[in-house]
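The block underneath contains the structure these notes are about, expressed in structure tokens.
The values are calculated or read from the model by the stated rules, or taken from the named source; none is laboratory data. Not measured: the values here are computed from a predicted model. For neighbour counting, all protein chains shown are included, and Cβ atoms are generated from backbone atoms with ideal geometry for every residue, glycine included. Heavy atoms of the whole protein, side chains included, go into the accessibility calculation; ligands, DNA and RNA do not. Shrake-Rupley method; radii C 1.70, N 1.55, O 1.52, S 1.80 Å.
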Amino acid sequence: MAETTTGRRERKKARTRQALADAALRLFTERGFDNVGVREVAEAADVSLSTLFKHFPSKEALVFDLDEDVESALVAAVRDRAPGQPVLHALRDHLVRTRTALRADDPVFVLVESTPALRDAARRMWSRHEKALAAALADATGLPPDDLAITGLARFALEIPSLARTSPDPAQAVRDLFALLEQGWATTPLARGGEDGGEQHG
């Protein structure tokens, strides 16, 4: 009986959360993010303002639903990788699957890209995953969480999707950038002094 009640309560919470997210996206898309207040979103979803804030701590969070799930998936990609799979490859494959599939006509993508405040918020929220990712990488490698190899990899890896987004083939761009992380700059013309090789021959 208790399980049935708990399940019903969780389903109701999920429906309320979805109704708020849907109302927010509709209003923000129609009128612009800056022109809609959270009270209007609550009214559109037929809930109180206090209920809205129980589900979403800020106005920006209404757009970036499931942020905690995104972080959990990022950590799981490293922690639950296949036996013998290198950490870099597991992280690369996860980012290719999850960060390169956004379509230019996706309503959330359009809203975020057209709203400076949301672009900044998206970057801040994505960057917040750095600490959790570094901890997962430390666990996977046995290195301390503050080791430069760990903190550097976490930061660089999280920057890759935004760098790849402008490419005609974002998925391949992610793979290429991870190859650069894995193999180092020694494989590029930068390390050879450019096209001429930068070497003097006597």
Once fully extended, how much extra length lies between His89 and Ser48, figured as 0.36 nm per residue of separation less the alpha-carbon to alpha-carbon distance? 10.2 nm
Surface per residue (accessible, 1.4 Å probe) for the stretch 37-85, Å²: 58
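Work out the FRET efficiency for Glu113 and Thr6 from their Cβ-Cβ distance, taking R0 = 35 Å, and round it to the nearest 0.05. List each step's numbers first, then the result.
Details: r = 39 Å, r/R0 = 1.13.
With R0 = 35 Å, the Cβ-Cβ based efficiency is 0.35.
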Whether the stretch 16-68 is rounded, prolate or oblate, judged on the alpha carbon gyration tensor where a/c under 1.5 counts as rounded: oblate
Ordered by number, the GluC sites (Glu not before Pro) in the stretch 79-187 that occupy a DSSP loop and have at most 11 other Cβ atoms within 10 Å are none
Comparing Ala186, Ala134, Ala73 in a Gaussian network model of the chain (Cα, 10 Å), the one with the largest mean-square fluctuation is Ala186
Would you mind classifying the stretch 1-116 by shape? Square roots of the alpha carbon gyration tensor eigenvalues, ordered a ≥ b ≥ c; an a/c under 1.5 is rounded, otherwise it is prolate if a/b is larger than b/c and oblate if not. oblate
Dipole of the chain, positive direction: furthest Cα of Ser167, Thr16, Leu62, with charges on the beta-carbon: Thr16
On a C-alpha basis, how far is the centre of the stretch 13-82 from the centre of the stretch 120-189 in Å? Whole number, if you could? 26
Computed FRET efficiency, Cβ-Cβ of Ala171 and Asn35, R0 45 Å: what is it to the nearest 0.05? 0.80
Between (i) 81, 43, 26; (ii) 70, 33, 26; (iii) 41, 40, 36, which entry matches Cα extents along the principal axes in Å as derived from the coordinates of this structure? (i)
Once you order the gyration tensor axes a ≥ b ≥ c over the Cα atoms, which shape class does the stretch 82-149 get: rounded for a/c under 1.5, otherwise prolate or oblate by comparing a/b with b/c? oblate
